[in-house]
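Before any comments, here is the structure.
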Amino acid sequence: GNFCYYEFKTLTSMMERSYLAGLKSFLTEIFDCKDMPVARKKITFTVQNPCISIASATTSSWFTESIKDGDVSSGFLTRFIFVYSTNKTRNDSRPKRPDLNVQEDVYHQLDRLNGLREMELELSPEAAELYDEWYKKFIARVETIDPNYNTLFSRLNIYAIKLAIIIETCESLGNLIS
């Protein structure tokens, strides 16, 4: 499922409510996409093949106010990809009208993706070499970071591969990541 929170602090504030006390650990566990049994007072069921995406935005000050001590070490925050901007890249007084041709192309591409069957992708020899070089530099850099923050970087190598899969799928629909 896809979840959109216009403000990240709204999500974290919701998780502090007593009736949602287990939501943070549930999201952390379900992120790994393994079937998960769930027991409630009157029913028990299994969430099968879960795949969640959460999109949100916030300011840096509200972000730091929103996180708790254990959010880094527990692995909760490692399940998010953060995009931080210091510059405003556009200064439109009003949004431009959408380009209907681009919009139609996006719909067409999504239809193509929806029709894909499950398959395993591989890195091309060139992509594997680039990834291995990047990984060595990445590990060397992570080793210099304060150990309290190492968990924040523990999944970045996997995210790099996942983003490569997304890009390759959008560009070629093939099973070789170039």
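Candidates (1) 19.8; (2) 20.5; (3) 22.0; which is the computed Kirkwood radius over Cα pairs in Å? So the calculated entry is the one marked (1).
Taking Lys137, Lys24, Lys68 and ordering them by how much accessible surface each has at a 1.4 Å probe, largest first, produces Lys137, Lys68, Lys24. Loop-located GluC sites (Glu not before Pro) in the stretch 1-66 (DSSP state other than H, G, I, E, B) with a sparse environment of at most 12 neighbouring Cβ atoms within 10 Å: Glu16. Taking label positions 7 Å along the Cα-Cβ direction at both Arg141 and Val72, the computed distance is 1.8 nm, reported to one decimal. In a simple Cβ point-charge model (Lys, Arg +1; Asp, Glu -1; nothing else charged), the chain has a dipole of about 920 debye relative to its Cα centre. Calculated from DSSP H runs of 4 or more alone, at -39500 (n - 2.57) each and per residue, what is the 222 nm mean residue ellipticity of the chain, nearest 500? It lands at -13000 deg cm²/dmol. For the stretch 86-178, the solvent-accessible area of protein heavy atoms averages 87 Å² per residue (probe radius 1.4 Å; ligands and nucleic acids excluded). The shape of the stretch 1-52 comes out oblate: with a ≥ b ≥ c from the C-alpha gyration tensor, a/c is at least 1.5 while a/b does not beat b/c. Ranking of Tyr135, Tyr84 by solvent-accessible surface, largest first: Tyr84, Tyr135 (1.4 Å probe, protein heavy atoms only, all chains present). Computed about its Cα centre, the charge dipole of the stretch 114-178 is approximately 260 debye, with only Lys, Arg, Asp and Glu carrying charge at their Cβ. Taking all protein chains together and rolling a 1.4 Å probe, Leu173 ends up with roughly 40 Å² accessible.
When Ile177, Ile158, Ile52, Ile81 are compared by accessible surface with a 1.4 Å probe, the order from highest to lowest is Ile81, Ile158, Ile52, Ile177. With a simple spin-label model that places each label point 7 Å from the Cα along the Cα-to-Cβ direction, the separation between Leu130 and Asn101 comes to 2.9 nm.
The values are calculated or read from the model by the stated rules, or taken from the named source; none is laboratory data. Being a predicted model, the structure only gives us computed values, none of them experimental. Neighbour counts are summed over all protein chains in view; Cβ atoms, including those assigned to glycine, are modelled from backbone coordinates with ideal geometry. Quick note on the areas: whole protein, heavy atoms, side chains included, nothing else; ligands and nucleic acids left out. Shrake-Rupley method; radii C 1.70, N 1.55, O 1.52, S 1.80 Å.
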